[in-house]
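What follows is one structure encoded as structure tokens, with my remarks underneath.
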Number of protein chains: 2
Amino acid sequence: MITQSSIDKFLERLASADPTPGGGSAAAIMGAMGAALVSMVCSVSIGKKDYEAVHAELQALRARSEVLRLRLTAMVAEDVAAFGSLMAAYKLPKASELDKARRAEAIQAGLRLATEVPLDCARVCADVIGLARRVGEHGYRGVISDAGVGAVTAFAAARSAALNVYINAPALKDRDFAHASVAELEKLLVRCAVESEAAYTIVCNKLET
Amino acid sequence: MITQSSIDKFLERLASADPTPGGGSAAAIMGAMGAALVSMVCSVSIGKKDYEAVHAELQALRARSEVLRLRLTAMVAEDVAAFGSLMAAYKLPKASELDKARRAEAIQAGLRLATEVPLDCARVCADVIGLARRVGEHGYRGVISDAGVGAVTAFAAARSAALNVYINAPALKDRDFAHASVAELEKLLVRCAVESEAAYTIVCNKLET
């Protein structure tokens, strides 16, 4: 059985007034859920007779989705740490000029981390969506809806990660880095939107027949 | 700290060859994550001085989002049970005519449940998106990205729930129920798409300023 109580507890922590875990952690978890569903559809399909022609491809897809799942799972803690370092920086003393300079520097380092972690999350989610599309094309029809769920979940994860970049990047003093991060993100989001819609449509079309 | 290991274990179960927990459970969890983030933004905002004028509204929003979060959390187990009853029905004996009739009846009951649970999930997610939009308008700017995350997460949950209806409804012999379910779902998805885009845009516009 599913570990219901552990999920309940996580959702309670997410709902609490404590800002961590927040949207950044939610993004990483959703990305990991998308990758996990890709892995599941691959595993179920590999066991089916009529899908022998695509066994090798499905095995390669699963190997890749498992790497991405573990990477995104690790990002949950990275997001909490990034947010924590930013919050800690804001609480540093600002009595002297030296204090102020140190605090400003720590805030900038925290903002940079709180931009890099969700940007990286969006990059990995784009890869998950690509895998979900391929498994939507080749996976076992009996669980193919889950390939579509994987795609829309990873897209929501990428958009959620984007919102975390948007809230942190404006305060970055390194404007080149901020602009480059947002520009890369915008490109990623376009690709994610197109690919996830394609995956969703492929799956819907299969379910209609 | 976040209960990292329990999330890891859930993601491993989701990735396993066992089809439950699958996309239906993922949909319910995402819906609950969306509601949880609405609650969190409300709670953080209620504690802020500049937001006193909207304290009462935020308290009402949080009361509602907490009801929806618990409803969606319960749906994780309901989805696993619905899928389980359908799988059990397919495994029933079909030696005699009576066996076959009983098995066919059990499959139809399972399919009906496996259509009703995700349809209900989509209904509740539509309500979560409405709340996310309002909290995106009135919540504390420092965590407002999480209102946007709540909206896109609940929309992905609704689309994921829809895919679970689409995979089960075609095999229903009660065509009136099947058509009515899909028709209601299509309407819900349009509303969810419009409202979640509105919420995302509201939040993005606030982050630009």
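No value in this document is a laboratory result; all are computed from the given coordinates. What you see is a predicted model, and the numbers here were worked out from it, not measured in a lab. Note that each Cβ is placed from the backbone with ideal geometry, even for glycine, and that neighbours are counted across all protein chains shown.
The table for this structure:
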read-out: Using a 7 Å Cα-to-Cβ projection, B:Glu137 label spacings across copies, nm, ascending; value: 4.4
read-out: For B:Ala193, label point 7 Å along C-beta direction: distances to other copies, nm; value: 1.3
read-out: Nearest 10 degrees, 0 to 90: helix B:145-168 Cα axis against chain B principal axis; value: 10
read-out: From the C-alpha gyration tensor of segment B:14-136, square roots of 5λ in Å; value: 42, 13, 8
read-out: Computed Rg/Rh of segment B:40-82, alpha carbon atoms with Kirkwood Rh; value: 1.23
read-out: Inter-copy label distances at B:Asp99 (7 Å, Cα→Cβ; nm, one decimal); value: 8.2
read-out: Per-residue average of Cβ from other chains inside 10 Å of A:37-48; value: 4
read-out: Note, ³J(HN,Hα) from phi for segment A:44-61, Karplus 6.51, -1.76, 1.60, rounded to Hz, x at Gly and Pro; value: 5, 5, 4, x, 9, 4, 5, 10, 4, 5, 10, 3, 5, 5, 5, 5, 5, 4
read-out: Extended-chain gain in nm, criterion 0.36 nm per residue less alpha-carbon gap, B:Arg103 and B:Glu52; value: 12.4 nm
read-out: Cβ neighbours within 10 Å from other chains - mean over B:157-165; value: 6
read-out: Where the Cα pairs of the protein assembly as shown fall when distances are cut into 10 Å bins, in %; value: 5, 23, 32, 23, 10, 4, 1, 0, 0
read-out: Förster-model FRET efficiency, 25 Å R0, A:Ala88 and A:Ser16, C-beta, rounded to 0.05; value: 0.85
read-out: Residue among A:Met33, A:Met75, A:Met87 with the largest mean-square fluctuation in a Gaussian network model of chain A, springs linking Cα atoms under 10 Å; value: A:Met87
read-out: Sequence of B:Cys121, A:Cys125, B:Cys192 once ranked by neighbouring C-beta atoms within 10 Å, starting from the fewest; value: B:Cys192, B:Cys121, A:Cys125
read-out: D_trans [Stokes-Einstein, Kirkwood Rh over alpha-carbon pairs] for chain A, 4 °C, 1.567 mPa s, µm² s⁻¹; value: 71
read-out: Per-selection metrics, segment B:169-208 (Cα): Rg and Dmax in Å; value: 16.3, 52
read-out: Cβ-placed point charges (K, R +1; D, E -1), dipole of chain B about Cα centre in debye, nearest 20; value: 180
read-out: Segment A:108-115 - phi-based ³J(HN,Hα) in whole Hz, Karplus 6.51/-1.76/1.60, Gly and Pro as x; value: 5, 5, x, 5, 4, 5, 6, 9
read-out: Cα-based Rg and Dmax for segment B:91-209, where Dmax is the largest Cα-Cα distance (Å); value: 19.5, 71
read-out: Residue of A:Ala63, A:Ala156, A:Ala101 that the Gaussian network model of chain A assigns the largest fluctuation, springs spanning Cα pairs under 10 Å; value: A:Ala101
read-out: Segment A:188-205 - phi-based ³J(HN,Hα) in whole Hz, Karplus 6.51/-1.76/1.60, Gly and Pro as x; value: 4, 5, 4, 4, 4, 5, 5, 5, 6, 5, 4, 4, 4, 5, 4, 5, 4, 4
